[in-house]
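*Asks:* Pasting in a structure now, in structure tokens, and then I'll have a few things to ask.
The values are calculated or read from the model by the stated rules, or taken from the named source; none is laboratory data. In this text the structure is predicted, and so the values were computed from the model without any measurement. Using ideal geometry, Cβ is built from the backbone for each residue, glycine included, and neighbour counts are taken over all protein chains shown. Calculation scope for accessible area: heavy atoms of the full protein, side chains included, ligands and nucleic acids excluded. Shrake-Rupley method; radii C 1.70, N 1.55, O 1.52, S 1.80 Å.
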Amino acid sequence: MPDDVPEGSARSSATAERIGELAADRGLTVACAESLTSGALAARLGAAPGSAEWFRGGVVAYSREVKHSLLRVPEGPVVCESAARAMAESTVDLLGADVAVAVTGAGGPESQDGQEPGTVWFGVAGRGPTHAEEKFFPGEPEEVLAETVFHALTLLAGRVGS
């Protein structure tokens, strides 16, 4: 593993703890939908102190078919803005959460949907308009994963804290 992964894990854990504090203070619940992170985002949230009170759960939709059928992602590419938005919005509805974050992307080593490895789309829904953004994280798949989890948690903390 790259040398910076433990540091990335520590900052992700600290951000998840902050989400928990903010959610508890505001009486909010959070959830996630994830593809390329394969449950790493939910694991980080679930490991935060007091998560049983504010974390509703997560949907790991690795399969294209699951994204389309369960998370109402429009037919077509799944590494795109519309997929990230649909994943976040559907997760708010499915899990009864106040706020949800979603991630979908090409983690590597191969491209996906014409997107180069390291291309990730994020969606945040609930408590305001749905926000989506694209990021590119260079590096090996493990580095892309660590940066994706941290950025998703940062976006979630921003929405829960607003």
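*Asks:* Mean 1/r over all different Cα pairs, inverted: what Kirkwood radius does the stretch 39-91 give, in Å?
*Replies:* 12.0 Å
*Asks:* Evaluate the relative contact order of the stretch 35-162 (contact order divided by residue number), counting alpha-carbon pairs under 8 angstrom at least 6 apart; express in whole percent.
*Replies:* Numbers: 230 pairs, mean separation 27.8, N = 128.
Value for the stretch 35-162: 22 percent.
*Asks:* Okay, moving on. Note down the nm distance, to one decimal, between modelled labels 7 Å out along Cα→Cβ at SER111 and at ASP93.
*Replies:* 3.3 nm
*Asks:* Give the Rg (one decimal place) followed by the Dmax (whole number) of the stretch 23-66, computed from C-alpha coordinates and expressed in Å.
*Replies:* Values for the stretch 23-66 (Cα only, Rg and Dmax): 11.5, 37 Å.
*Asks:* Taking 25 °C and 0.890 mPa s as the conditions, I'd like the Stokes-Einstein D for the chain in µm²/s, using the Kirkwood hydrodynamic radius from alpha carbon pairs. Working shown, then result.
*Replies:* Working: Rh = 15.2 Å.
In µm²/s, the coefficient rounds to 161.
*Asks:* How large is the Rg to Rh ratio of the stretch 68-162 when both quantities use alpha carbon positions and Rh follows Kirkwood?
*Replies:* 0.97
*Asks:* I've got another one for you. Looking only at the chain, where both bridge partners belong to it, what percent of the DSSP beta bridges are antiparallel (to the nearest 5)? Mind showing how you got there, number by number?
*Replies:* Working: 14 of 24 bridges.
Around 60 percent antiparallel, to the nearest 5.
*Asks:* Taking only protein heavy atoms and a 1.4 Å probe, what accessible area per residue, in Å², does the chain have with all protein chains in place? If you can, show how the numbers build up before the last one.
*Replies:* Values: 7220 Å² over 162 residues.
Roughly 45 Å² per residue, with all protein chains present.
*Asks:* Ignoring any ligand, DNA or RNA, what whole percent of the accessible area of the chain comes from carbon and sulfur when the probe is 1.4 angstrom? Each step should come with its number before you reach the end.
*Replies:* Values: 3620 of 7220 Å².
Whole-percent figure for carbon plus sulfur exposure: 50.
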